[in-house]
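So the structure is just underneath, and the comments pick up after that.
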Amino acid sequence: MRKTHEIRTLRDMPLSPLIRFGTSTWTYEGWQGQIYTRKYTKTAFTRECLGEFCQYLYRGQPLFRTVGNDATFYRPPSANQLTRYLTQIPEDFQMCFKVWEELTIPTYAKHARYGSRAGQVNPNFLNADAFTKLVLQPYRDAQFGPNTGPFLFEFQRHGMPAEEFIEKLDDFFDSVSAEFRYAVEIRNPGLLGPRYHDMLRAHGVAHVYNHWSYMPPLAEQHQRMKTMTAPFTVIRLLTPLKMTYEAAKKRAEPYDKIVGELPEMRKDTASLIQEATAENRSTYVLVNNRAEGNAPLTIQALIDRLQTER
């Protein structure tokens, strides 16, 4: 009986303020009745539900202290859009924005949405001036700074030689403002190693530990990286390993329950968080519904694990 009481007491204790959990985005209809209890019109839901998302409690504490913004991968936000976010989020809340794909694609995919550019080399790949003017400036204009988490540079799988890619990244981070924080997510496992690690560490940029279809497990990524590279770290739990995005999406929809736990992912995530916290690094954990089916429930399970393990 006493042990049960001790476990409950530990579970009621708040996590270290260095740890921030959030989801990849927040506008999921499948969370109605779970995260969202207010009545929204169809058109108002996307615009207005962020405030309720931020207020959701688990064991008396806010469950979400960060969130990913995937939409900014397709278009940078305007200062007005950022100002609207500020009206809905708490003072201590931080959003992690994906960087516009126009700056992170070496060559445009042969996809209809790229029109005549499909298959062409991208002249704006890692263009520091464009990043400063088109991506960073709206955050300055909206005075969004204190609520800005790390900017997420997501690089899809590409055929660029490793040395060339790392050199371009090195030059880019040499040229951009150090007032913001940056994190790099790669989909080419062969890049993981000393050269990539040392370049990130030299700029105080984090490697994004991503649990994604064709990347190694989180623990193996860390083994190849040896150490964390910035005063903060980012973990993104996206899809089961060795499963395509389409299969993960079909498995998880409509995102209202856990459809399959991923024990190794949970264990590795907890270990990375514990290591980062012990080293006084802040951690941003962003969970996608397609990992286990319901991101909020995955986050709750991770919190329970962290609280009982300590």
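Are any of the residues in the range 81-100 within 30 Å of GLN120 (Cα to Cα), touching a strand residue (DSSP E or B) at 6+ places or on another chain (Cβ under 7 Å) and not in a strand (DSSP E or B)?
Looking for residues that are within 30 Å of GLN120 (Cα to Cα), touching a strand residue (DSSP E or B) at 6+ places or on another chain (Cβ under 7 Å) and not in a strand (DSSP E or B), one finds at least one in the range 81-100, hence yes.
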(request) Need at least 1 residues that are hydroxyl-bearing (Ser, Thr, Tyr) and exposed (fewer than 15 other Cβ atoms within 10 Å of the Cβ) per element, so show me which helices (runs of 4 or more DSSP H) inside the range 254-310 make the cut, counting only ones lying wholly within it. (result) 263-278, 295-309
(message) Based on this model, can you work out whether GLU91 counts as out of contact with any Lys or Arg (no Cβ under 6 Å at 6 or more places or on another chain), open to solvent by less than 50 Å² (accessible area, probe 1.4 Å) and either closer than 26 Å to GLN156 by Cβ or of a type in the set (D, E, K, R) (or both)?
(response) no
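The values are calculated or read from the model by the stated rules, or taken from the named source; none is laboratory data. Remember, predicted model here, so these are calculated numbers, not experimental data. Virtual Cβ from ideal backbone geometry, glycine too; neighbours counted across all protein chains shown. These accessible areas exclude ligands, DNA and RNA; they are computed on the full protein's heavy atoms, side chains included. Shrake-Rupley method; radii C 1.70, N 1.55, O 1.52, S 1.80 Å.
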